[in-house]
Amino acid sequence: ASDIVSSQRSSLLLAVFYMSVLLAIQFRSVTLGFVSLLPQVLPQSVIFGTMGWFGISLDSVTVFAASVSIGLTVDNTVHYLTQLKREIRAGDKRQSIEQCLSEAYKVTSRAMISNHAVILFGFAMLLISPFRPVIAFGILGSLAILFSLVGDLVFMPSVILSSSLIRKMLTKECRDGADNKSPQG
């Protein structure tokens, strides 16, 4: 069990690193690759914090909660950031990042909430298991999904809005990418 736990810690760090690199490549933006990590901080903190506060041991079942949550939660982050990139590219130069975030939120939030609700109820079904580690996994997974939604819809936009550096980089990278795709006259 201790070998599984230590290998999962390494796997978790590698997953986060590779995920950010792949998303930066997909978005063609280092900034969006970095921003895609922001919503992951909250669910991971909640998982490990809950384990510490309630004395849930890190065993061969609960150790998978963090890794599984990354895979499940990054999906909606990709949808939101893809829509944000579209909004920035589609808007004229006068459209603010706040307006782009608002439009991306309007387009993606309902689907993201529905997706998270379905996954949350799936994890909640684990609570009826007679096996204690599976119950702990269900609790941790449910919390991760819930806080992932908060991370995507509240935390990430808040960080983008509060950091002028991120806002400038996002706007520049997305608009420059749109300019490079337009036909040359």
Problem - Near pairs, Cβ below 9 angstrom, 6+ apart or cross-chain, from segment 15-38 (in contact (Cβ under 8 Å) with a residue 40 or more places away in the chain) to any residue that is open to solvent by less than 20 Å² (accessible area, probe 1.4 Å) and not in a helix (DSSP H, G or I) - result: MET19/SER36; LEU23/SER29; LEU23/SER36; PHE27/SER36; VAL35/SER29
Exercise for the section: Within segment 79-120, work out how many residues are out of contact with any helix residue (DSSP H, G or I) (no Cβ under 7 Å at 6 or more places or on another chain), part of a helix (DSSP H, G or I) and polar (S, T, N, Q). Expected result: 4
Practice task
Would you confirm whether any residue within segment 4-16 is more than 21 Å from MET156 (Cα to Cα), out of contact with any Asp or Glu (no Cβ under 8 Å at 6 or more places or on another chain), of a type in the set (Lys, Arg) and part of a helix (DSSP H, G or I)?
Solution key: yes
Exercise for the section: Could you identify the single residue in THR50, THR108 that is at pLDDT 80 or above, closer than 30 Å to ASP3 by Cβ, polar (S, T, N, Q) and open to solvent by less than 50 Å² (accessible area, probe 1.4 Å)? Expected result: THR50
Practice task
Could you please let me know if LEU120 is closer than 20 Å to PRO39 by Cα, of a type in the set (A, V, I, L, M, F, W, C) and open to solvent by less than 30 Å² (accessible area, probe 1.4 Å)?
Solution key: no
Exercise for the section: Keeping to segment 19-47, report how many residues are within 14 Å of the chain's Cα centre (by Cα), open to solvent by 70 Å² or more (accessible area, probe 1.4 Å) and at pLDDT 85 or above. Expected result: 1
Practice task
Please specify each residue of segment 59-94 satisfying the condition of being within 20 Å of SER29 (Cα to Cα) and open to solvent by 40 Å² or more (accessible area, probe 1.4 Å).
Solution key: ASP75, HIS79, ARG86, ARG89, ALA90, ASP92, LYS93
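The values are calculated or read from the model by the stated rules, or taken from the named source; none is laboratory data. Since we're looking at a predicted model, the values are computed, not measured. Cβ atoms come from the backbone with ideal geometry, glycine included; neighbour counts cover every protein chain shown. Areas reflect the complete protein model, heavy atoms only, side chains present, ligands, DNA and RNA absent. Shrake-Rupley method; radii C 1.70, N 1.55, O 1.52, S 1.80 Å.
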